[in-house]
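Only the coordinates and a few stated rules stand behind these numbers; no lab work does. What you see is a predicted model, and the numbers here were worked out from it, not measured in a lab. Every residue, glycine as well, gets a Cβ built from its backbone with ideal geometry; the counts of neighbours run over all protein chains shown.
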Amino acid sequence: MYLKILSLTNFKNYEQVKLIFSPRINCFVGNNGVGKTNILDAVHYLSLTKSFFNPVDSIGIHHGEDYFIIDGMFVKNGEEDQIFCAFQRQKQKVMKKNGKEYQRLSDHVGKYPVVMISPADSVLISEGSEERRRFLNKIISQYNTEYLDSVLKYNKALQQRNKLLKEFSSSGKFDRDTILIWDAQLVKYGQFVHRQRAELVNELIPVFQEYYTMISSGKELVRLTYRSHLTEGDFAGALNGSLDKDRFLGYTTVGIHKDDLVLEMGGHPVKLLGSQGQQKSYLVALKLAKFEYIRRKSGIPPVLLLDDIFDKFDAERVEQII
């Protein structure tokens with residue numbers, strides 16, 4: 001699979017541009033600020049319906065304009081598919097495949113898988129667990145259509161449960177039956193998501209370690225560990241056991257929304273131990289493992305987007321990647 005044509009209208013720094021790509025490797029060369037990364041982000045939009053860098057679509061509109069359009073043609077299994085993405089201020093984003101509009105944006109995710117490697121990946125190390133859960137979600141949703149739907153339904157149930165807990169906390173009243181309704185939803189969808197995440201991490205570890213060894217010439221020992229409240233199995237019991245605490249705090253303290261992917265090097269958090277070069281190697285290996293894993297699970301090689309990949313690498317690590 002590859003992207004054959006990309007057309008941009010009022011997207012970021014581009015008023016109008018049309019690009020025709022090679023089926024293999026395409027390179028963009030230019031000074032900082034000319035828009036190389038914006039082209040990669042446009043491809044990310046066509047694949048996953050959103051920006052790699054910012055969840056706010058209006059940020060992508062060219063200065064002084066009211067909308068943007070991203071139009072592209074993917075070639076997959078010998079077939080050409082026209083993908084259209086448009087966003088206008090104060091309106092819903094529109095995604096179309098071959099002229100037919102999606103009723104739900106999530107239905108498009110996974111049809112044209114993509115993996116982006118960028119300096120912005122540093123948030124996986126520097127920021128909180130939400131970033132690492134998002135990383136897991138973006139992998140699984142590109143080969144398992146049920147997964148993203150389950151995450152969305154879990155989050156909706158969590159939102160409703162938290163709303164009730166806040167109301168109970170402020171009013172002093174308590175309706176256990178209503179809480180149990182949302183608990184059942186959390187358990188149903190949370191257990192499914194947990195199984196998918198646990199399977200992913202278990203299968204991703206050897207692929208990740210292989211890539212890291214290749215990039216670093218085997219100099220450091222690296223690990224990934226999936227941490228979840230659901231690992232012990234009784235999610236319903238955990239929700240019941242935390243209910244008094246949840247009522248006091250006004251939010252749900254256990255569940256997959258607290259999951260984390262622990263990133264370690266030499267038995268310590270890579271955030272504390274790794275140099276800039278080691279951390280970059282860690283992240284590149286993780287993203288290359290993501291690429292390979294999606295290829296194996298979906299049977300479709302993702303489009304691989306590399307943004308300033310050699311930044312912070314010494315000559316030896318650059319040579320290993322090449």
So for the chain, taking the charge dipole from beta-carbon charges (+1 Lys/Arg, -1 Asp/Glu), which of LEU263, MET1, GLY99 sits furthest toward the positive end? GLY99
If you take every residue apart from LYS12 with its C-beta less than 13 Å away from the C-beta of LYS12, what net charge results, scoring Lys and Arg +1 and Asp and Glu -1? -3
Work out the length of the dipole vector of the range 12-157 about its Cα centre, built from +1 on the beta-carbon of each Lys and Arg and -1 on the beta-carbon of each Asp and Glu, and round it to the nearest 20 debye. 200
To the nearest Å, what is the center-to-center distance of the range 232-284 and the range 128-168, using C-alpha atoms only? 14
May I ask you to list, by number, the DSSP H helices of the chain whose Cα span along the axis is at least 27 Å and whose average Kyte-Doolittle hydropathy reaches 1.6 or more? none
Of all beta bridges DSSP finds with both residues in the chain, what is the antiparallel percent, to the nearest 5? 90
Semi-axis lengths, Å, the range 26-114, gyration tensor of Cα atoms, sqrt of 5 times eigenvalues: 21, 19, 11
Helix-only CD estimate at 222 nm, as mean residue ellipticity for the chain, using -39500 (n - 2.57) per DSSP H run (n ≥ 4): -14500 deg cm²/dmol
Among the trypsin sites (Lys or Arg not before Pro) within the range 142-184, which fall in a DSSP loop and have no more than 12 other Cβ atoms within 10 Å of their own Cβ? LYS173
How would you rank 2-15, 231-244, 284-297, highest first, on the average number of other Cβ atoms within 10 Å across their residues? 284-297, 2-15, 231-244
Using +1 on the beta carbon of Lys and Arg, -1 on that of Asp and Glu, and nothing else charged, what's the dipole of the range 119-322 about the Cα centre, debye to 20? 500
Hull shadow area, averaged, the chain [alpha-carbon convex hull, nm²]: 18.7
Magnitude of the charge dipole, the range 78-188, Cβ model with Lys/Arg +1 and Asp/Glu -1, debye to 20: 420
